[in-house]
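The values are calculated or read from the model by the stated rules, or taken from the named source; none is laboratory data. Nothing here was measured: the structure is a model prediction, and the numbers come from that model. Surface accessibility is based on the protein's heavy atoms, side chains included, excluding ligands, DNA and RNA. Shrake-Rupley method; radii C 1.70, N 1.55, O 1.52, S 1.80 Å.
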Amino acid sequence: MPCWRWSAKAGWLVGEATMMPDHVHLLIRRQNADYSLRDILQRFKVRSVRWINQELGRSGRLWQGDWFDR
């Protein structure tokens, strides 16, 4: 997905991703990142919703309101 290509520049590598209807599972690896995990996920959510909505010709919310690590 083009919306996370920028993450490598921010010091995070996305190894695997699984897209669900209202959330995503990411396997990521930190490499001397200047950004926290919270920052990276917030940026991902903003960029991905723009890209997905543009591709689908829609607008509005896409992801769940919160994220957390289990």
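For the residues 46, 24, a 1.4 Å probe over the protein chains yields an accessible-area ranking, largest first, of 46, 24.
With every protein chain present, what accessible area does residue 47 have (1.4 Å probe, heavy atoms only), rounded to the nearest 10 Å²? Counting only protein heavy atoms, residue 47 exposes about 100 Å² to solvent. For the residues 62, 27, a 1.4 Å probe over the protein chains yields an accessible-area ranking, largest first, of 27, 62.
Computed extension gain for residue 50 through residue 25, at 0.36 nm per residue and net of the alpha carbon distance, reaches 7.2 nm.
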